[in-house]
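Below: the structure, in structure tokens.
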Amino acid sequence: MNLSLNEIEGGVRKAALGAGLSVGLADDTGRAVAVLQAYGFDGISAALAGFANTGLAARPVIKNSDATFDAGNPIPNAVSALDLVAAGVVKRVLMRAIEAPLLVVGLAAIAAQDQGGGFVVGVGSSGFALVSGGGIAIEGVLASGVTEVTISRSRPDGTVRPRPDHIPDVPPAIWAQVQALAALTYVPATEASRLSGAGAGMTDND
């Protein structure tokens, strides 16, 4: 399927709401996935993996200049971890057993856009992403599946990966999963819901 970045961001945002995330986290997730897709990564599958974890946000264990998240939902955990590093509360965050490591890279990209500076996101033991407001650069091989992720600050002037000219097509089966979650946010089509303003009106001018 050939989808625009706006369609991807909006669809993933609705899916995040359907998965039970707050409006703010849904906004962040939609933006993060759009950034990943723009750079040729499969951000949609990463988001779906994150949505599968229905746990609550975890409280980090902070010791000296490091923080550790041992469990919890990877999406709110990642946003909290990026805030801790950006604010200088800690120098490094370790997130254990993350189902959606690539999504953390996308969330770091929008955090860099909003807050300035950059981040180094280590994924597994053999690769990391250098993220700034200007884009994403990958060094080594990012581990897939459930793995450890580390986050620390980087210089804002790192070399970034060139953005491809073409956004990769989205497999219909993957987008169907997004739409199924998004549908959980729809108002049921009942007479009462129509009277309160849901659905189409009786004329084209409504």
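The values are calculated or read from the model by the stated rules, or taken from the named source; none is laboratory data. Bear in mind the structure is a predicted one, so any value in this text is a computation, not a measurement. Cβ coordinates were reconstructed from backbone atoms using ideal geometry, including for glycine residues, and neighbour counts include every protein chain displayed. Heavy atoms of the whole protein, side chains included, go into the accessibility calculation; ligands, DNA and RNA do not. Shrake-Rupley method; radii C 1.70, N 1.55, O 1.52, S 1.80 Å.
Side notes on the structure shown:
- Taking the stretch 20-58 as the range and being over 21 Å from Ala129 (Cβ atoms) and either in contact with a strand residue (DSSP E or B) (Cβ under 8 Å, 6 or more places away or on another chain) or small (Gly, Ala, Ser) (or both) as the test, the residues that pass are Gly20, Ser22, Gly24, Ala26, Ala52, Gly55, Ala57, Ala58.
- Number of residues in the stretch 30-46 that are open to solvent by less than 20 Å² (accessible area, probe 1.4 Å) and more than 13 Å from Leu142 (Cβ to Cβ): the value is 7.
- Members of the stretch 109-133 that are surrounded by fewer than 19 Cβ atoms within 10 Å (Cβ to Cβ) and within 17 Å of the chain's Cα centre (by Cα): Gln113, Asp114, Gln115, Gly133
- Top-ranked residue of the stretch 47-58 - restricted to ones that are open to solvent by less than 40 Å² (accessible area, probe 1.4 Å) and hydrophobic (A, V, I, L, M, F, W, C), ranked as modelled with the lowest pLDDT: Ala58
- Considered as a group, the residues in the stretch 86-102 that are surrounded by fewer than 24 Cβ atoms within 10 Å (Cβ to Cβ) and among the hydrophobic types (A, V, I, L, M, F, W, C) include one that is modelled with the lowest pLDDT, and that residue is Ala97.
- Flag for Ala26 being modelled with pLDDT of 95 or more, open to solvent by less than 10 Å² (accessible area, probe 1.4 Å) and within 21 Å of Ala137 (Cβ to Cβ): no
- When Asp66 is tested against (1) under 16 Å from Ile174 (Cβ atoms); (2) at pLDDT 95 or above; (3) in contact with a strand residue (DSSP E or B) (Cβ under 9 Å, 6 or more places away or on another chain), exactly one condition is not met: (1).
- Test for Val61: is it surrounded by fewer than 24 Cβ atoms within 10 Å (Cβ to Cβ), hydrophobic (A, V, I, L, M, F, W, C) and in contact with a Leu (Cβ under 8 Å, 6 or more places away or on another chain): no
- Within the stretch 71-85, being open to solvent by less than 30 Å² (accessible area, probe 1.4 Å), among the polar types (S, T, N, Q) and assigned to a helix (DSSP H, G or I) holds for one residue alone: Asn77.
- Among the criteria (1) more than 16 Å from the chain's Cα centre (by Cα); (2) surrounded by 19 or more Cβ atoms within 10 Å (Cβ to Cβ); (3) not in a loop (DSSP other than H, G, I, E, B), the one Thr68 does not fulfil is (2).
- Total residues in the stretch 107-123 satisfying the condition of being within 20 Å of Ala58 (Cβ to Cβ) and in contact with a helix residue (DSSP H, G or I) (Cβ under 8 Å, 6 or more places away or on another chain): the figure is 6.
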